[in-house]
Amino acid sequence: MNDRADHLLSTLPSMTALLAHPEVRQWSEAVPGALVKTSLSAALQQFRDAILQGRLTSPVDIEDVIGVAEEELTRRSMPSLRRVINATGIVLHTGLGRAPLSAEAIEAIAETASGYCNLEFDLSTGHRGRRLSHVTERLAELTGAEAALVVNNNAAATYLILHVLAEGREVLVSRGQLVEIGGSFRLPQIMSAGGAILREVGTTNRTRAADYEAAATERTALVLRVHPSNYRVVGFSEEATLAELTSLARARGLLCVDDLGSGAIVDLTAHGLPPEPCVRDSIRTGADLVCFSGDKLFGGPQCGMIVGKRVIVDRLAAHPLMRALRVDKLTLAALEATLRHYADDGEALRSVPALAMLNAPLAELADRANDLAHRLQEAAPSERFLVGSDTTYAGGGAMPVVEFETVVVRWIPSFATASDAATRLRGAEVPVVARIRDDAVCFDLRTVRAADFDDLIAAVEGVVYDAAGEEDDDIDEDDGPPDARVRLPVL
């Protein structure tokens, strides 16, 4: 450290001086003193680092430190996990929490979390009850299975199945289904961790039932079919049907497990949506077990569901590993409420938010888009907001190659690039996550709900106001060029 750096470090205010500052004393009246002190320490450390790295060459003023500490205090006072507005149009956005829950599921979580509940207590007998009994009977009835089980996600479901039913034995899987799911979890690694021995069958693009037949040996425990998640093999391709695999498994005394991943319960094609493997169909076809996610097309909380033959499900439920993989009371509350929506397919399409978003007609999206655009134009008359058509994806590994038609409000910022504006929107009090296309910030109405409008408009208004302040501190925020308003096309 040189003399110059040593001198600059000596200009840093002491903690005593900072705590005695009138502005800091006001902070201590609103937030815990320990948090104030931690924020001040963090600010001081930032200035020390800047001096030692040669990035700061002038003496440090106490007001500068307080300014940085205030930003640090604001950051530390805010929750890390926050509600955001998903304006990307991707309904099952993994980064944004996948499927949003219904109002009934949210209410069930709040009710269950507010006090005690009968999680493992039988109210009729007064004795210890079973944790999963709140959902397993309804889940089995819904899917047509004999029994059901719930763990904390579908990777856990796959792991449990392989560990209990195939440890030390071979599992036949098509080479075209050796997928890597979100977070870099690869199916072969899950199989290895579960103690199963992977036996690859067929080729990447073509795997026939005869390939499974040829691969089966005395060491084989089960045949596993895996949903390809985020990709599809197209063109010169072929795969064995589930009916062929279940027939083969029965003939050879093996188990047949169908890992569906996305968890579609409703036949989506009957409602004009692209096809996805349906849990009910897999059970009817004869799969011994079917596992799938709760927070994808099922539209519930994160969990992994296993349905199938009772004798096999009971083996899984009795294994000690179940305690490590079990779900908590809040997940069960949300799952039970979501299951009630599946009393019939029409109710599910209306009440499960993910299904309702995917099934929303373009005319409805256009009406909401025009309403949002007009309100944005009123809030920020100097900007341009245009309504138009676009495409998006379901997300979450469901229907990966299918583009959905959608309607968006396009904002072409007058003061910055679309990328810069999108970055600023993510810093709003209620962050807005939008997509960028053709140099415009796009708000996709397939995932932006009417309840989001006020917060989205406030975020845009705040970004525009801050940008105007950066250009001219004296600018009148109500001023704007007389021809700034744009006539919006009606779809």
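Would you list the strands (runs of 3 or more DSSP E) that sit entirely within region 109-212 and hold 2 or more residues that are over 29 Å from the mean Cα position of the chain (by Cα) and among the aliphatic types (A, V, I, L, M)?
So the answer is 170-174, 197-201.
Among residues belonging to region 364-385 that are of a type in the set (G, A, S) and in contact with a strand residue (DSSP E or B) (Cβ under 9 Å, 6 or more places away or on another chain), point out the one that is surrounded by the most Cβ atoms within 10 Å (Cβ to Cβ).
Step one: of region 364-385, the residues of a type in the set (G, A, S) are 366, 369, 373, 379-380, 382.
Then drop every residue that is not in contact with a strand residue (DSSP E or B) (Cβ under 9 Å, 6 or more places away or on another chain), which leaves 366, 369, 373, 380.
Values: A366: 19, A369: 29, A373: 24, A380: 24.
Residue satisfying both the conditions and the ranking: A369.
Within region 355-363, does at least one residue satisfy the condition of being touching a Gly at 6+ places or on another chain (Cβ under 9 Å), closer than 18 Å to E137 by Cβ and in contact (Cβ under 8 Å) with a residue 60 or more places away in the chain?
no
Give the residues of region 165-198 that are charged (D, E, K, R), farther than 24 Å from K309 by Cα and in contact (Cβ under 8 Å) with a residue 12 or more places away in the chain, sorted by residue number.
Across region 165-198, the qualifying residue is only R175.
From the list T331, T391, T338, which one is among the hydroxyl-bearing types (S, T, Y) and over 26 Å from E104 (Cβ atoms)?
Within the list T331, T391, T338, the selection yields T391.
What are the residues in region 12-24 that are surrounded by 12 or more Cβ atoms within 10 Å (Cβ to Cβ) and over 20 Å from R75 (Cβ atoms), if any? Quick ask: steps written out before the conclusion?
Step one: filter region 12-24 for residues surrounded by 12 or more Cβ atoms within 10 Å (Cβ to Cβ), giving 12-13, 15, 17-19, 21, 23-24.
L12, P13, A17, listed by residue number.
Given A5, A50, A34, which one is at pLDDT below 95, of a type in the set (A, V, I, L, M) and under 18 Å from L73 (Cβ atoms)?
Answer to the selection: A34.
Go through (1) free of Cβ contacts under 8 Å to residues at least 12 places away in the same chain; (2) under 23 Å from C303 (Cβ atoms) and name the single condition N154 misses.
Single failed check for N154: (1).
Looking only at region 403-443, which residues are of a type in the set (A, V, I, L, M), over 17 Å from A369 (Cβ atoms), more than 21 Å from the chain's Cα centre (by Cα) and not in a helix (DSSP H, G or I)?
Passing the criteria: only A416.
I need the full set of residues from region 1-45 which are outside any helix (DSSP H, G or I) and not β-branched (V, I, T), in order please.
M1, N2, L12, P13, S14, H21, P32
Evaluate region 301-310: report whether one residue or more is among the aliphatic types (A, V, I, L, M) and more than 18 Å from S102 (Cβ to Cβ).
Of the residues in region 301-310, the ones among the aliphatic types (A, V, I, L, M) are 305-307.
Restricting the remaining residues to those that are more than 18 Å from S102 (Cβ to Cβ) gives 306-307.
Checked against the condition, which is being among the aliphatic types (A, V, I, L, M) and more than 18 Å from S102 (Cβ to Cβ), region 301-310 yields at least one hit.
Give all pairs with beta carbons closer than 6 Å in which a residue from region 120-140 that is surrounded by fewer than 19 Cβ atoms within 10 Å (Cβ to Cβ) meets a residue that is in a helix (DSSP H, G or I); count only pairs at least 6 apart in sequence or on separate chains.
Correct list of pairs: E120/R131; R138/L339.
Residue-wise test of (1) loosely packed, with under 12 Cβ neighbours inside 10 Å; (2) over 30 Å from C442 (Cα atoms).
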{"residue": "D3", "(1), (2)": "yes, yes"}
{"residue": "E29", "(1), (2)": "yes, yes"}
{"residue": "P32", "(1), (2)": "yes, yes"}
{"residue": "V36", "(1), (2)": "no, yes"}
{"residue": "S41", "(1), (2)": "no, yes"}
{"residue": "G54", "(1), (2)": "yes, yes"}
{"residue": "R82", "(1), (2)": "yes, no"}
{"residue": "N86", "(1), (2)": "no, no"}
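Considering only region 92-114, state which residues are among the small types (G, A, S), farther than 22 Å from N154 by Cα and either surrounded by 21 or more Cβ atoms within 10 Å (Cβ to Cβ) or at pLDDT below 95 (or both). Steps first, please.
Here is the first cut: in region 92-114, the ones among the small types (G, A, S) are 95, 97, 99, 102-103, 105, 108, 110, 113-114.
Within this subset, residues satisfying the condition of being farther than 22 Å from N154 by Cα are 103, 108, 110, 113-114.
The one that is among the small types (G, A, S), farther than 22 Å from N154 by Cα and either surrounded by 21 or more Cβ atoms within 10 Å (Cβ to Cβ) or at pLDDT below 95 (or both): A108.
Looking at (1) on the phi < 0 side of the Ramachandran plot; (2) surrounded by 24 or more Cβ atoms within 10 Å (Cβ to Cβ), can you tell me which one G263 breaks?
(1)
How many of the residues in region 434-456 are hydrophobic (A, V, I, L, M, F, W, C), surrounded by fewer than 17 Cβ atoms within 10 Å (Cβ to Cβ) and in contact (Cβ under 8 Å) with a residue 12 or more places away in the chain?
Total meeting the criteria: 2.
The values are calculated or read from the model by the stated rules, or taken from the named source; none is laboratory data. The structure presented is a predicted model; accordingly, all values stated were derived computationally and were not measured. A quick note on method: Cβ atoms are made from the backbone with ideal geometry, for glycine too, and the neighbour counts reach across all protein chains shown.
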